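Undergrad: Got a structure here, written out as C-alpha cells. Questions coming.
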Amino acid sequence: MSRRTDILSLVLVSIVALLIWLVAEDYTSEDTTIQTRLDFTPSNVRYYVVDPPYTEVTLQLGGTNRAINKMRTLLQNESLAITSPAGNGPHTFEDLAGQIRSIPEVRETGVSIGGVEPANFSIDITELVTVDAVVRASMPAGTLVQDSVVSPEQATITLPKDEADTLPENPILEAVVDAEDIQLLEPGILHTVNGSLQLPKGEHTLSNVQIEPATARVSFRLVARNRSITLDKVYVQVLVNPEAMTSFEVKLPDAMLRSVEVEAGTELAERLEAGDGTRVVAVVPLSSLELEQGITSKPVAYFLALSADGTGEAVTATVDGNATPDIAIEISRIPTTSPTTADTP
C-alpha cells in the first residue's frame with residue numbers, strides 16, 4: 001500500500017511541476033532585440049512601384065517567453081510587410097513601430113513592440129499607367145522583305161506616369177526580329193518568326209517599363225538578306241587618270257582602314273570570312289583639278305568587294321559608323337625635264 005502511495009505522490013509532483021513550468025512559460029517576461037527585414041508592399045503591384053522595396057530593422061520586443069518565441073517563429077517563416085499608400089512621389093513612414101504593431105500576425109503573437117530602429121523610413125512611390133501602342137516589324141539591317149504582317153497589331157506599355165508624358169501621341173512598339181532567326185531562311189518563301197517587342201531605339205530611355213505581350217509573330221516574304229562582318233583591314237585604292245600620273249605623284253600616309261564593318265549578302269560575307277581571295281577596297285577617285293589643287297584629304301567614295309577572278313560589286317561599309325571616312329593624301333608635281341640641244345659648230 002505504501003508503494004502505491006509513493007507512485008501516486010510522484011505522479012502528482014510531476015503534474016504540479018509541469019503546471020508550474022507552463023505557468024512560467026506563459027507569464028515569465030522577457031526583453032530582447034531581433035533583426036529582421038521589413039517589406040514595403042504597394043497597394044497595387046500592377047500600378048505602383050516602391051523604391052527601396054525593403055529595409056533591415058531592429059525590433060525591441062517585450063512580453064512572455066511564449067509570445068517572444070511565437071514572434072521568433074513568425075520571423076523565421078516570413079518577413080514583415082506593411083502596405084505603402086497609393087500615390088506618386090516620396091513618402092515617409094513616421095512611426096514604424098506603430099505600423100508593425102498593427103500587423104495582424106504580430107498582434108496574434110501577444111508580443112509588445114517597444115521600439116524600432118530606424119524609427120522612421122522614407123520611400124519613393126512611382127505610379128504606373130498603361131497606354132496602347134501600335135506594333136510594327138523591325139527587320140535586321142540589310143534584310144529586304146515584302147508583305148510583312150505582325151500579330152498582334154497592338155500591345156500595351158505599362159510605365160511610370162511621369163514618363164508616359166514623354167511618349168508620342170500614338171506610341172509605336174517594334175517587333176524586333178533577330179538576325180540569327182532569318183540566316184537560314186530561303187528567299188521568296190513566306191516565313192513566320194517571333195520578334196521581341198521593344199520601344200524604338202534612341203527615342204526613349206525609360207525605367208520600370210512593362211510590355212504586354214512580350215513578343216509578336218512576324219510573317220514576311222524574304223527577298224534578300226545581308227550579314228554584317230568586321231574586317232581587320234581594308235586597303236585604300238586611289239583612282240587617277242593614267243595620263244595625269246606622268247605629271248603628279250600621289251602617296252597615302254596610311255593606305256589602310258582598320259576595323260571596317262561591312263554589310264554584304266550572305267554568300268559574299270561567307271567568302272570574305274573564308275579568305276578565298278575576295279577582298280574589300282575603299283575607292284578614292286581623284287580628278288585632274290584635285291591633282292592641280294594639291295588637296296590633302298578626300299572622303300572614300302565607295303567600297304568595292306573584289307573577287308579573285310577580278311569581278312567586283314559595291315558593298316556598304318563603315319568605320320566607326322562613318323560611311324565616308326576621310327583619307328589623307330600627299331600630292332606632288334613631277335618635275336618636267338627640258339630636252340637637251342646640241343652645240344652649233
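The values are calculated or read from the model by the stated rules, or taken from the named source; none is laboratory data. Here the structure is a predicted model, which means the values were calculated and not measured. Glycine also receives a Cβ, built like all others from the backbone with ideal geometry; neighbour counts cover every protein chain displayed.
Undergrad: Is at least one residue of region 300-319 touching a Phe, Trp or Tyr at 6+ places or on another chain (Cβ under 7 Å), without any contact (Cβ under 8 Å) to a residue 60 or more places away in the chain and exposed (fewer than 13 other Cβ atoms within 10 Å of the Cβ)?
TA: Yes - at least one qualifying residue is present in region 300-319.
Undergrad: Another question about this same structure. Could you say which residue among Arg46, Arg66 is surrounded by 14 or more Cβ atoms within 10 Å (Cβ to Cβ) and over 16 Å from Leu96 (Cα atoms)? Give the steps one after another, and end with the answer.
TA: Details: Arg46 fails: surrounded by 14 or more Cβ atoms within 10 Å (Cβ to Cβ).
Selected residue: Arg66, the only one of Arg46, Arg66 that is surrounded by 14 or more Cβ atoms within 10 Å (Cβ to Cβ) and over 16 Å from Leu96 (Cα atoms).
Undergrad: Only one of (1) in contact with a Phe, Trp or Tyr (Cβ under 9 Å, 6 or more places away or on another chain); (2) assigned to a strand (DSSP E or B); (3) outside the structural domain of Pro200 (by TED's automatic domain parsing) is not met by Gly115, so which one is it?
TA: Against the list (1) in contact with a Phe, Trp or Tyr (Cβ under 9 Å, 6 or more places away or on another chain); (2) assigned to a strand (DSSP E or B); (3) outside the structural domain of Pro200 (by TED's automatic domain parsing), Gly115 comes up short only on (1).
Undergrad: Pairs needed: first member in region 192-221, closer than 19 Å to Glu180 by Cβ and assigned by TED's automatic domain parsing to the domain that holds Glu169; second member anywhere, at pLDDT 80 or above and among the basic types (Lys, Arg); C-beta distance under 9 Å; at least 6 residues apart or different chains.
TA: That search, which allows pairs on different chains as well, returns Thr192/Arg217; Val193/Arg217; Asn194/Arg217; Gly195/Arg217.
Undergrad: I need the full set of residues from region 164-207 which are acidic (Asp, Glu) and under 18 Å from the mean Cα position of the chain (by Cα), in order please. I'd like the intermediate steps shown before the answer.
TA: Applying the first criterion (acidic (Asp, Glu)) to region 164-207 yields 165, 169, 174, 178, 180-181, 186, 203.
Glu174, Asp178, Glu203, listed by residue number.
Undergrad: Of the conditions (1) at pLDDT 95 or above; (2) assigned by TED's automatic domain parsing to the domain that holds Phe93, Val135 satisfies every one except a single condition; which number is it?
TA: With (1) at pLDDT 95 or above; (2) assigned by TED's automatic domain parsing to the domain that holds Phe93 applied to Val135, the lone miss is (2).
Here's the yes/no breakdown for (1) in a strand (DSSP E or B); (2) buried (at least 17 other Cβ atoms within 10 Å of the Cβ); (3) touching a Phe, Trp or Tyr at 6+ places or on another chain (Cβ under 8 Å); (4) charged (D, E, K, R):
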site	(1), (2), (3), (4)
Thr126	yes, yes, yes, no
Asp132	yes, no, no, yes
Val135	yes, yes, no, no
Ile157	yes, yes, no, no
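Undergrad: Which ones in region 224-245 are of a type in the set (D, E, K, R) and either on the phi > 0 side of the Ramachandran plot or surrounded by 15 or more Cβ atoms within 10 Å (Cβ to Cβ) (or both)? It would help to see each step written out before you state the result.
TA: Here is the first cut: in region 224-245, the residues of a type in the set (D, E, K, R) are 225, 227, 232-233, 243.
Answer for region 224-245, where residues must be of a type in the set (D, E, K, R) and either on the phi > 0 side of the Ramachandran plot or surrounded by 15 or more Cβ atoms within 10 Å (Cβ to Cβ) (or both): Arg225, Arg227.
Undergrad: Then there is this: Have a look at Thr230, Thr215, Thr246, Thr266 and point out the one that is touching a Lys or Arg at 6+ places or on another chain (Cβ under 8 Å) and hydroxyl-bearing (Ser, Thr, Tyr).
TA: On the way: Thr230 fails: touching a Lys or Arg at 6+ places or on another chain (Cβ under 8 Å); Thr215 fails: touching a Lys or Arg at 6+ places or on another chain (Cβ under 8 Å); Thr246 fails: touching a Lys or Arg at 6+ places or on another chain (Cβ under 8 Å).
The match here is Thr266.
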